[in-house]
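Contents: one structure, followed by commentary.
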Amino acid sequence: MKRKRIVLKEGRDKSVLRRHPWIFSGAVKKVEGSPDLGETVDIVSVKGEFLARAAFSPQSQICARAWTFEQQEIDKAFFSRRLKAAKKFRQQLGFLQENSACRLVASEADLLPGVIVDRYADCLVVQFLSAGAEYWKEQICGCLREHFDCTTVYERSDVDIRSKEGLEKRTGLLSGEEPPELIEIIENKLRYLVDVRAGHKTGFYLDQRVNRKLLRSVVKGKTVLNCFSYTGGFGVAAGAAGADMVTNVDASVEALKTAGRNMELNGIRQSAYENIEADVFKLLRKYRDMARRFDVIVLDPPKFIDSKGQLKRASRGYKDIAMLGFKLLNPGGVLLNFSCSGLMPVDLFQKITADAALDAGVNGKITARLGQSPDHPTLLSFPESFYLKGFMVKV
Ligand code: SAH
């Protein structure tokens, strides 16, 4: 049988040769064999040389995503090998302990474009973000059941980017038992409740694990303002490490309810924390006007940038909160300033942080450069897989 193919334009094979997995529609000369949505195609140069084997996404600007740069079959055995390799990597990190949570499969960074698998104790939560991932969904789920100890596989493909791939949002049980309303997981020896059905992303911001651990080293006996707290990830870490007072701030009442339960679950006494439902932008101004001060401030806002055109506006937002954050710090205080926007370059984010300190009238030193936890690896050939960046700054 003749393979279905995408022939690239002359000179447009450079990025595939560098093993970047995305093939943009502008680089395509012709599509041969009328492949279906998500079907496997060979990517070939104008001379017909094999470059990659990929999933076809005709509706997206990224019209194919490479599964492999070798001439191997894309079938259940292929996914089985890739998933086993992803598991082994987390095992080596020591991230697969009982009742723990981590990202088991991180899409392109695990050479599986569009496939996300997060583990929360016995429950696997999956996202199929690309046409190719959707096409192989059943086989991928089969492999997960075979290779990973789990009682539940639950789908959370309720993300906007699916529409760019011509796919609808979908959530629900894929196999096993319905997950409980809240799943308890252990991270850095602390307990957290996770709502895999309705929580953000697949339920928890697993990418901040290493930074939540780092926070513990600077909070003993301190007052901590945890902005954009979600379910209290950083707040619990601070409280458990002996912070005098933790103030969790979020716009979501639901998230704060779980934050309260998480603080309690870890034995943090009620007088040592408060949960405040507020818009961080407004609350920081209010605290500035009240001359309220903190020893440690965490700023972990949601993604501000979905497209390059939003970079300028987002930069102003990042600078605004960082400037207010610096102003609210006691002398000797520490600011943890994060951006999870992949389109925000790290050097620009450093400049924004520096400008914010300047405007706040403080001298700051970077004491740690922060990134996503290692279960969210950065693939060298796919720099886009680095998205979460941050600075720990001491004033
Ligand atoms: N630091 C958290 C993750 C933060 S996610 C952790 O470690 O788990 C970002 C959070 O910001 C979400 O919970 C969202 O509800 C909240 N949020 C978004 N915009 C906000 C705003 N303007 N003011 C307050 N909270 C906001």
Handout entry: Lysine pairs in the range 184-313 with Cα atoms under 25 Å, if 8 or more residues apart or on separate chains
Key = 23
Practice task
Could you calculate the FRET efficiency of D244 with Q72 from 1/(1 + (r/R0)^6), where r is the beta carbon distance between them and R0 is 56 Å, rounded to 0.05?
Solution key: 0.45
Exercise for the section: May I ask you to give the percent of accessible area on the chain that is carbon plus sulfur, with a probe radius of 1.4 Å? Expected result: 50 percent
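Where does each of 180-192, 103-115 land if you order them by average Cβ count within 10 Å, highest first? Walk me through the numbers before you get to the answer.
Values: 180-192: 17.8, 103-115: 24.9.
Highest to lowest by the protection proxy: 103-115, 180-192.
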Completion exercise
1/(1 + (r/R0)^6) with r = Cβ-Cβ of I366 and R81, R0 = 51 Å, i.e. FRET efficiency to nearest 0.05, evaluates to 0.80
Exercise for the section: Could you list the residues of the range 143-178 with an amide nitrogen less than 20 Å from a label point located 7 Å from the Cα of K88 in the Cα-to-C-beta direction? Expected result: 143-149
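Can you give the Kirkwood hydrodynamic radius for the chain, in Å, rounded to one decimal and based on Cα pairs?
22.4 Å
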Exercise for the section: Before anything else, pin down the relative contact order of the range 205-394: Cα pairs under 8 Å, at least 6 apart, normalised by residue count, whole percent. Expected result: 20 percent
Fill in the blank from the handout: Length-normalised contact order of the range 76-176, Cα under 8 Å, at least 6 apart, in percent, tallies to 21 percent
Practice task
Could you grab the relative contact order for the range 1-71? Cα pairs under 8 Å, six or more apart, rounded to a whole percent.
Solution key: 34 percent
Practice task
Once you have a ≥ b ≥ c as the square roots of the Cα gyration tensor eigenvalues for the range 14-95, tell me rounded if a/c is under 1.5, and otherwise prolate or oblate according to whether a/b is larger than b/c.
Solution key: prolate
Completion exercise
As a percent rounded to 5, the proportion of antiparallel DSSP bridges among beta bridges in the range 5-68 is 85 percent
Practice task
Please list 281-289, 152-160, 258-266 highest first by mean number of surrounding beta-carbon atoms within 10 Å per residue.
Solution key: 258-266, 152-160, 281-289
Problem - Helical contribution to [θ] at 222 nm, DSSP H n ≥ 4, -39,500 (n - 2.57), averaged over the chain, rounded to 500 - result: -8500 deg cm²/dmol
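Can you give me the accessible area per residue for the chain, using a 1.4 Å probe, in Å²?
That works out to 45 Å² for each residue.
The values are calculated or read from the model by the stated rules, or taken from the named source; none is laboratory data. As the structure is a computational prediction, the values presented were derived from the model and not from experiment. Ideal geometry is used to build each Cβ from the backbone, glycine not excepted, and the neighbour counts take in all protein chains shown. Note: accessible area is taken over every heavy atom of the protein model, side chains too, but ligands, DNA and RNA are not part of it. Shrake-Rupley method; radii C 1.70, N 1.55, O 1.52, S 1.80 Å.
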